[in-house]
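Read through the structure below, which is laid out as structure tokens, and then see the notes.
The values are calculated or read from the model by the stated rules, or taken from the named source; none is laboratory data. Everything quoted here is computed from the prediction, not taken from an experiment. Cβ: placed from backbone, ideal geometry, glycine included. Neighbour counts: every protein chain shown.
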Amino acid sequence: DGGITQSPKYLFRKEGQNVTLSCEQNLNHDAMYWYRQDPGQGLRLIYYSQIVNDFQKGDIAEGYSVSREKKESFPLTVTSAQKNPTAFYLCASSIQITNYGYTFGSGTRLTVV
Amino acid sequence: AQSVTQPDIHITVSEGASLELRCNYSYGATPYLFWYVQSPGQGLQLLLKYFSGDTLVQGIKGFEAEFKRSQSSFNLRKPSVHWSDAAEYFCAVGANQAGTALIFGKGTTLSVSS
């Protein structure tokens with residue numbers, strides 16, 4: 001079945017470390033997105049990509065980086081510059097950026113220890 | 001700037017009672033509007049969407065929503081709530097414009113009492 005796979009489901013990071021969250025889709029979607037979810041804050045856009053080798057910053061990109069070397073993959077790196085990284089991270093994709101039938105992954109919960 | 005407001009943080013409804021979740025948006029042009037649902041620790045599932053045409057849209061799981069341009073609202077309704085509807089609900093707005101992603105509201109948590 002087609003879908004989006006996020007891994008790992010739970011991730012623990014020590015302060016000062018970089019960590020990378022994986023997002024893979026087999027839906028043949030062009031556009032992919034990363035959102036951060038905090039209690040009471042809804043979803044806030046970190047980065048998005050419309051095509052391979054191209055991506056744009058969202059509202060809260062500071063302390064994060066992404067790459068889009070393959071259509072299927074859009075990994076998110078949480079760097080040590082992100083001061084408060086503990087959150088639930090959601091990856092999504094859509095056929096095109098103007099087609100909003102987003103398909104979401106099941107999320108990665110990142111905790112700083 | 002585009003924005004979405006969900007005025008109710010938490011709502012409790014009795015099983016079998018009707019439900020209405022409110023959503024107001026701010027957008028310069030005709031928006032694309034969406035409702036998503038999220039179970040705890042899971043991703044989001046699309047309930048319904050409005051692009052154009054009939055302002056009353058039907059979605060999955062018996063939900064419907066009505067677009068009211070004059071009130072900048074897109075409220076979600078269900079005539080009879082089931083215990084399995086307990087979840088968090090998000091309203092979102094987008095545009096038919098290259099380079100824009102969906103903007104989400106902060107969500108409304110629905111509890112269902114027996």
Checklist entry - How many of the residues making up region B:13-39 are under 17 Å from the mean Cα position of the chain (by Cα) and more than 21 Å from B:Ala101 (Cα to Cα)? => result 7
Next on the checklist: Take the conditions more than 14 Å from chain B (Cβ to nearest Cβ), modelled with pLDDT of 90 or more and within 11 Å of the chain's Cα centre (by Cα) and apply them to A:Pro75. Does it pass?
Outcome noted: yes
Checklist entry - Considering only residues of region A:46-61 that are within 13 Å of A:Leu90 (Cβ to Cβ) and among the hydroxyl-bearing types (Ser, Thr, Tyr), which is modelled with the lowest pLDDT? => result A:Tyr48
Checklist outcome for this item: Out of (1) surrounded by 14 or more Cβ atoms within 10 Å (Cβ to Cβ); (2) touching a residue at least 40 places away in the same chain (Cβ under 8 Å); (3) on the phi < 0 side of the Ramachandran plot, the one B:Tyr50 does not meet is (2)
Item to check | Test result for A:Tyr48, closer than 17 Å to A:Ser65 by Cβ, buried (at least 21 other Cβ atoms within 10 Å of the Cβ) and out of contact with any Leu (no Cβ under 8 Å at 6 or more places or on another chain) | outcome: yes
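Okay, residues lined up against (1) part of a loop (DSSP other than H, G, I, E, B); (2) not β-branched (Val, Ile, Thr):
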{"position": "B:Thr12", "(1), (2)": "no, no"}
{"position": "B:Ala17", "(1), (2)": "yes, yes"}
{"position": "B:Tyr25", "(1), (2)": "no, yes"}
{"position": "B:Phe34", "(1), (2)": "no, yes"}
{"position": "B:Gln42", "(1), (2)": "yes, yes"}
{"position": "B:Leu47", "(1), (2)": "no, yes"}
{"position": "B:Ser52", "(1), (2)": "yes, yes"}
{"position": "B:Val57", "(1), (2)": "no, no"}
{"position": "B:Glu66", "(1), (2)": "no, yes"}
Item to check | Matching residues, region B:67-90, being within 15 Å of B:Thr30 (Cβ to Cβ) and either free of Cβ contacts under 8 Å to residues at least 24 places away in the same chain or not aromatic (Phe, Trp, Tyr) (or both) | outcome: B:Lys68, B:Arg69, B:Ser70, B:Gln71, B:Ser72, B:Ser73
Checklist entry - Filtering region A:51-78 down to residues that are without any contact (Cβ under 8 Å) to a residue 40 or more places away in the chain and either touching an Asp or Glu at 6+ places or on another chain (Cβ under 8 Å) or among the basic types (Lys, Arg) (or both), which residue is surrounded by the fewest Cβ atoms within 10 Å (Cβ to Cβ)? => result A:Asn53
